[in-house]
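The values are calculated or read from the model by the stated rules, or taken from the named source; none is laboratory data. Source: prediction; values computed, not measured. As a convention, Cβ positions derive from the backbone with ideal geometry for all residues, glycine included, and neighbour counts pool all protein chains shown. Note: areas computed on protein heavy atoms with side chains; ligands, DNA, RNA excluded. Shrake-Rupley method; radii C 1.70, N 1.55, O 1.52, S 1.80 Å.
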Amino acid sequence: MKNLIEKIGFVQNELERRVLSFPNNRALSDKVGTVLYYDKSESVKTRFYWISAEKLNAEETKAIHERIWNENKAELLFLEKKDSLQINYINTSPKDGLLEIAFINTNVEDSELLEKISKEHISTGGIWIEYSEALDTIKKQQQPVDKALENSLLSLRKGLDNIYMTKFESTIQRSKIIQALIDRTLFIKFLEDKGILNAVFYQKYFANEALDYKKLLENKDAHSINELFLKINEVFNNKLFETPEIKESDLIDEVLDLIAHTIKGTSIDGQLSLFDFQFDIIPIEFISHIYQIFLDDKKLANGIYYTPEGLANLVISETIREAGTTLDPSCGSGIFLVLAFRKMYKLPDGNLNTYERIQHRLSFIKENIFGIEVESIAVRLAVFSLYLEVLTDIDHEELKSLVSEIILSENKRKLFSVDFSDNIQEKNALSLDKDSPFPNKRFKYIIGNPPWFTIKKEDQSIDGIINYTYWSKNREFVDNQISQCFLLKIDSWSTQNTQFGFIVNSSNFLNESSNFQNFIFSSYRITKFFELYHLKEILFDYANEPACLMVFDKQKYLPSHQLSYISPRLNSFTKIFKTILIKESDFINISQRDLQNGKNHLRNYLIGNESDFLIINKLQSKDNYDSLIDIIINNKESYRGFEIWGE
């Protein structure tokens, strides 16, 4: 393995040595052993695992595929044997198998062939040029784990909705019960995959160590399933299993049968089963995709979208530098909060046992992570996501041992002893006076992606009235765009040192909106402005308009201050992999003072680049050039290329 890796240009310290574990297959864990991993090329989608496959059979290779696919941290899998190297694309459904990109016979010295997979080509994405014929196949066959999970949950949701249609006339009540069943099912699946709901748990509370959630569903044991919900709430202090109440009469046979089929993969719709997803390693930010399936058409029409992971990561990386109180005033299902926690949290010095590590993480969230969200479903999922993130990367065996100890002890110790659920407030962020969320709190970071819709007086819902009241009181600064109102309201939670990172609809800066633009450019110092106009089709499937990302603060800026305007473009590569690829040529420096005074407008930069504007400015200079009219009037001869015409 070492010789071939070195032949293509890698040195050992550039690759991470990892142990791929398979909790349910100890023999495979031992056989695979230590593997090599490279993650420095996420933007060009060439992160890879390099595994010695000499002794692996087809079933074991399939298990490796499933493991890496669920983790979602690699695009390529190199399988090296004695005389060959197989290069595979990993983000295909485990049911369809790996997608082979190339097969190289390594016992033949072929420098040209090895050059195709050189370190330079992998790290820069050049490998996709060398194997460009594979891109069309990838486009057709790729099924990343997040999309597969979304499709499976959407299928389950539709099935439950059809069953409950006659039982619950209220769409709101029906939706709450369905969502609660799905997120409880996912949380139980996570706990079982982690070894937390184990034989000790089921023996203690159900006198049957061989029991699990799937068997309860298959037995159509509604009473025991509700008991399971109650015990999880009691043992783990998890409010997801407390509200809303699900009655035994709600757990009808048809519902339990459908959930059981979804878990086992025996449903007839061909979707992947929940059994195919390994929730102990699946990225927690994919909970956002659960939120997506519960957004009805009205909410989508009103500009409520979940934020793609890549874009959310860009906000976090550009905004957060160190630990500090963080607010997302429109947190949705919590993707920004999970990523913010992940970026900020560091283990303290000293040796902490597993229980202490979990409580320390909970305390960190309690002190630093805050969200506001008007949708109750999203609030539940945000809390759910953070609970799961707390347990991420805790060793299976350590967790299993800890939970068994808690269950068997009589000291009433809780796995989640710190309750942070009040940090995620189900309120309208634009509420004023006594109803305003977090009225006396100030934050180090404020981040998010507020809704994109027009506030209308005709909307007489509670939230509609709150939105209209806020806009009416502030119309001198903002138009009736709710995203503009959010950019005004965040000032009430900030200090002079607060850092902001926000995704908003581009129309706020492309349309004539002098009051709002004057407010933004005079109130904040914009450090970076990402115009994502050209990436609309890969970022927000349902959005009617493109997005932009602003990174800014409240520091006073000098007249000479220039913001970095970044406008990444769409190409065949970014289309296939749905990634944001930023090049040096995408950057333009723009005077913020000129934007504030109306001498310049961001919409001018949608098509051109800095070189284009330099040429235009030169042509507009009367001191150096005659006008086009003067040239036409005073010169009889005009030229087109090398051809004389007009005589």
Item to complete: Any chance you could check the Cα centroid distance between region 412-486 and region 114-158 for me, in angstrom?
Response: 38 Å
Worksheet entry | Formal net charge of residues neighbouring residue 352 (Cβ-Cβ distance under 14 Å; K, R +1; D, E -1) | -2
Worksheet item: For the chain, how big is the tail of P(r) above 45 Å, as a whole percent of Cα pairs?
Response: 28 percent
Practice prompt. Relative to the compact-globule scaling 2.2 N^0.38 Å, provide the ratio for the alpha-carbon radius of gyration of region 360-468.
Written response: 1.42
Practice prompt. Rank 436, 170, 402 by how far each Cα sits towards the positive end of the charge dipole of the chain (+1 on Lys, Arg Cβ; -1 on Asp, Glu Cβ) and give me just the farthest.
Written response: 436
Worksheet, complete the sentence: Residues meeting the amide H criterion for residue 455 (H placed from the backbone, H to H distance under 5 Å, 5 or more places apart or on another chain) are 481, 482
Worksheet entry | Largest-first principal axis extents, alpha carbons of region 5-58, Å | 32, 24, 22
Item to complete: Determine, from the Cβ-Cβ distance of residue 558 and residue 582 and an R0 of 25 Å, the FRET efficiency 1/(1 + (r/R0)^6), rounded to the nearest 0.05.
Response: 0.45
Worksheet entry | Computed magnitude of the charge dipole of region 1-139 (debye, nearest 20; Cβ of K, R +1, Cβ of D, E -1) | 560 debye
Fill in: Two-site FRET efficiency, residue 129 against residue 351, from Cβ-Cβ distance with R₀ of 51 Å, rounded to 0.05
0.55
Item to complete: Along Cα→Cβ, 7 Å out, is where each label goes; now give me the distance between the ones at residue 435 and residue 463 in nm to one decimal.
Response: 1.3 nm
Item to complete: Give me the percent of the accessible area of the chain that comes from carbon and sulfur atoms, probe 1.4 Å, all protein chains in place.
Response: 47 percent
Response to the item:
With the charge dipole of region 1-157 built from beta-carbon charges (+1 for Lys and Arg, -1 for Asp and Glu) about the Cα centre, the Cα from 122, 49, 87 projecting farthest to the positive end belongs to 49
Worksheet entry | Karplus-derived 3J(HN,Hα), 6.51/-1.76/1.60, for each residue of region 590-601, Hz, glycine and proline x | 10, 5, 5, 4, 5, 5, 5, 7, x, 6, 9, 9
Discussion item. At 20 °C and a viscosity of 1.002 mPa s, what translational diffusion coefficient does Stokes-Einstein give for region 322-374, taking Rh as the Kirkwood radius over Cα pairs? Give it in µm²/s as a whole number.
Written reply: 181 µm²/s
Response to the item:
Of the listed links 346/444; 139/536; 81/147; 116/536; 158/247; 45/536, those spanning more than 24 angstrom between alpha carbons are 81/147; 116/536
Item to complete: Using θ = phi - 60° and the Karplus relation 6.51 cos²θ - 1.76 cosθ + 1.60, list the HN-Hα couplings for region 141-153 in order, rounded to whole Hz, with x at every Gly or Pro.
Response: 9, 5, 8, x, 4, 5, 5, 5, 5, 4, 5, 5, 6
Worksheet item: In region 202-244, which trypsin sites (Lys or Arg not before Pro) are in a loop and have at most 16 other Cβ atoms within 10 Å, using DSSP for the loop call?
Response: 220
Fill in: More than 16 angstrom apart: percent of Cα pairs within region 1-108
57 percent
Practice prompt. Could you list the trypsin sites (Lys or Arg not before Pro) in region 524-601 that lie in coil according to DSSP, counting only those with at most 13 other Cβ atoms within 10 Å of their Cβ?
Written response: 556, 569, 583, 599
Item to complete: Using all C-alpha to C-alpha distances in region 55-189, build P(r) with 10 Å bins and read off the rounded percent in each one.
Response: 10, 30, 26, 15, 11, 6, 2, 0
Item to complete: Using the Cα centre as the reference, give the magnitude of the dipole from point charges on the C-beta atoms of the chain (Lys, Arg: +1; Asp, Glu: -1; all else neutral), rounded to the nearest 20 debye.
Response: 1280 debye
Worksheet item: Mind ordering 455-467, 87-99, 185-197 by average Cβ neighbours within 10 Å, highest first?
Response: 185-197, 87-99, 455-467
Fill in: Solvent exposure of the chain as accessible area per residue, Å², 1.4 Å probe
47 Å²
Practice prompt. List every residue whose amide H lies under 5 Å from the amide H of residue 53, counting only residues 5 or more places away in sequence or on a different chain, with H placed 1.01 Å from N in the peptide plane.
Written response: 80, 81
Response to the item:
Sequence order, region 126-135: Karplus ³J(HN,Hα) from phi using 6.51 cos²θ - 1.76 cosθ + 1.60, θ = phi - 60°, Hz rounded, Gly and Pro as x, gives x, 4, 6, 6, 5, 10, 4, 5, 7, 5
Discussion item. Rolling a 1.4 angstrom probe over the protein chains, ignoring ligands and nucleic acids, what is the accessible area of residue 183 in square angstrom, nearest 10?
Written reply: 0 Å²
Item to complete: Scan region 359-425 for GluC sites (Glu not before Pro) in coil per DSSP, keeping those whose Cβ has at most 14 other Cβ atoms within 10 Å, and list them by number.
Response: 410
Discussion item. Suppose the Debye formula is applied to equal point scatterers at every Cα of region 472-577; what is log10 I(q)/I(0) at q = 0.11, 0.12, 0.15 Å⁻¹?
Written reply: -0.38, -0.45, -0.69
Response to the item:
Any residue on another chain or 5+ positions along whose placed amide H is under 5 Å from the amide H of residue 565 is listed here as 529, 588, 589, 590
